[in-house]
Amino acid sequence: MSSATATPLELALVAGEASGDVLAALLLSGLKQRWGDIHARGIGGPRMAEQGFEAWWPHHKLAVRGYAEVLRHYREIVSIRRQLRDRLLQRPPAAFVGVDAPDFNLDLAADLKAAGIATLQFVCPAIWAWRPKRVHQIARSVDHVLCIFPFEPELLKSHGIEATFVGHPLASVIPMRPDRLAARKSLGLNENKPVLALMPGSRASEIKSLAHRFLQTARLLSALHPGLQVVLPVAPGLQPLLDQVLQETGPLPGLTLLQGQSHTALAACDVVLVASGTATLEAALFKRPMVIAYHMHALSWWLTRRQQLQPWVGLPNILAREFLVPEYLQDQAQPEAMCTALNDWLTKPSKVERLQQRFDEIHLSLKQDTAVSCADAIQKVLAR
């Protein structure tokens with residue numbers, strides 16, 4: 001039931017990259033159903049803009065990963081956060097919702113909370129995977145955490161932090177049985193030849209680190225599977241960088257570049273080579289076998305490994321608490337090894353079927369009416 005009022009509900013949101021843009025857009029659509037007229041502003045991307053969001057800065061300004069890259073962009077990011085904080089303090093919203101991007105959002109939320117603004121974090125920082133001491137920063141910064149994984153609220157509540165499991169929005173958006181044939185038709189792909197999806201990431205640093213390796217892997221796999229079709233969704237703003245990589249690696253037969261359309265690519269493909277991150281969960285929800293890879297600056301890798309609490313980095317493996325799919329990290333991310341792993345999925349249908357059954361279980365565990373659950377939690381915070 002809508003509770004629209006004469007004056008719109010004023011909200012501030014920050015989504016720091018493409019995956020956050022998708023999550024925030026889903027959140028906004030649910031809030032509009034609850035409140036009718038809302039005015040949301042801050043930092044976001046094109047999907048949020050479709051919901052009427054007013055972006056003062058584009059989300060890709062925050063799309064940096066790893067200590068080394070953050071250091072290079074530190075002054076600009078700090079400046080954006082200071083300017084955003086000042087604008088929000090001058091015209092306070094009813095609530096601030098940080099969507100993922102905890103390095104940026106938690107410090108901002110702490111300042112806003114101190115000024116009496118209600119603060120929420122949508123997507124709990126992965127304190128269960130690494131940097132467990134961050135839980136103290138969460139407690140200082142936010143009034144409530146909207147959790148996308150079912151085991152998180154209990155962990156947060158043990159530290160005195162209010163939290164609600166709202167489900168993962170993508171589990172409601174992605175069908176249990178994606179239509180591979182329809183997706184291939186929409187992309188103009190051959191229905192009977194295998195399709196590899198390459199998803200090297202939505203950040204410039206990821207394209208620089210992984211695109212060469214991914215394209216070389218695809219070339220090797222094409223030699224094993226003549227007629228292999230390759231689709232590569234390109235995140236906003238990254239086309240020039242990818243064009244440069246393609247010039248360096250040379251043409252890849254059967255390659256189709258897509259503007260966004262990552263979900264269509266996942267629906268269409270038989271197997272995915274994917275950078276560690278939210279896209280690994282998306283691939284699991286599409287029930288597609290995958291190989292996970294990641295490579296970053298050596299200093300960032302060393303620091304990350306020191307703080308890692310679990311043996312897995314891919315979300316499907318973390319949720320299953322076992323290596324359902326292979327991970328090739330840092331120096332292990334070699335084209336020959338990744339090609340062998342991809343070929344294993346393409347040539348062993350019974351293994352793929354067992355994997356898909358596990359992905360079904362993950363999908364069902366994450367499925368909630370996220371928009372309604374988020375709106376309920378935000379309404380309770382606002383009612384205080």
Exercise. Once both labels are modelled 7 Å past Cα along the beta-carbon direction, what's the Leu241-Arg354 spacing in nm?
Worked result: 3.8 nm
Problem set entry | Where Cα atoms sit under 24 Å apart: lysine pairs in the range 180-366 separated by 8 or more or lying on different chains | 7
For this session: Just tell me the longest site-free run in the chain, where the sites are GluC sites (Glu not before Pro) in a DSSP loop having at most 16 other beta-carbon atoms within 10 Å.
Result: 192-321
Seminar exercise, completed: Cβ density ranking, 10 Å radius, fewest first, applied to Phe286, Phe151 yields Phe151, Phe286
For this session: With N denoting the number of residues in the range 34-159, provide Rg(C-alpha) divided by 2.2 N^0.38 Å, to two decimal places.
Result: 1.07
Exercise. Fewest first, what order do Phe96, Phe104 take by the number of other Cβ atoms within 10 Å?
Worked result: Phe104, Phe96
Seminar exercise, completed: Karplus ³J(HN,Hα) for the range 254-262 (6.51 cos²θ - 1.76 cosθ + 1.60, θ = phi - 60°; Hz, whole; x = Gly/Pro) runs x, 7, 10, 8, 10, 8, x, 6, 5
Exercise. Relative to the longest principal Cα axis of the chain, at what angle does helix 349-366 sit, 0 to 90 degrees, rounded to 10?
Worked result: 0 degrees
Exercise. In Å, what Rg and Dmax follow from the Cα atoms of the range 180-366?
Worked result: 15.6, 46
Problem set entry | In the range 19-48, the trypsin sites (Lys or Arg not before Pro) that fall in loop regions by DSSP, at most 12 other Cβ within 10 Å | none
For this session: Could you state the angle between the C-alpha long axis of helix 239-249 and the longest principal axis of the C-alpha atoms of the chain, as a value from 0 to 90 degrees rounded to the nearest 10?
Result: 20 degrees
Seminar exercise, completed: Expressed in angstrom and rounded, the centroid-to-centroid distance over alpha carbons for the range 127-156 and the range 224-295 is 31 Å
Problem set entry | Partner lysines for Lys113 [C-alpha distance under 26 Å; skip if fewer than 8 residues away on the same chain] | Lys32, Lys61, Lys133, Lys157, Lys380
Exercise. Hey, if you put +1 on the Cβ of every Lys and Arg and -1 on every Asp and Glu Cβ in the chain, which of Ile362, Ala293, Leu187 ends up farthest toward the positive end of that dipole?
Worked result: Ala293
For this session: With the cut-off at 39 Å, report for the chain the share of all Cα pairs above it, as a whole percent.
Result: 16 percent
Exercise. List the trypsin sites (Lys or Arg not before Pro) in the range 96-143 that DSSP assigns to loop (not H, G, I, E or B) and whose Cβ has at most 14 other Cβ atoms within 10 Å. Which are they?
Worked result: Lys133
Exercise. Do the sum for the chain: with -39,500 (n - 2.57) for every DSSP H run of n ≥ 4, divided by all residues, what is the mean residue ellipticity at 222 nm, to the nearest 500 deg cm²/dmol?
Worked result: -15500 deg cm²/dmol
Problem set entry | Residue-count net charge about Pro102 - beta-carbon cut-off 11 Å; Lys, Arg +1, Asp, Glu -1 | -1
Seminar exercise, completed: Per-residue Cβ contact counts at 10 Å, fewest first, order Thr278, Thr217, Thr340, Thr264 as Thr340, Thr264, Thr278, Thr217
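Here, each number is a calculation from the coordinates, and none is a lab measurement. All values derive from a computational prediction rather than experimental measurement. Neighbour counts run over all protein chains shown; Cβ positions are idealised from the backbone, glycine included.
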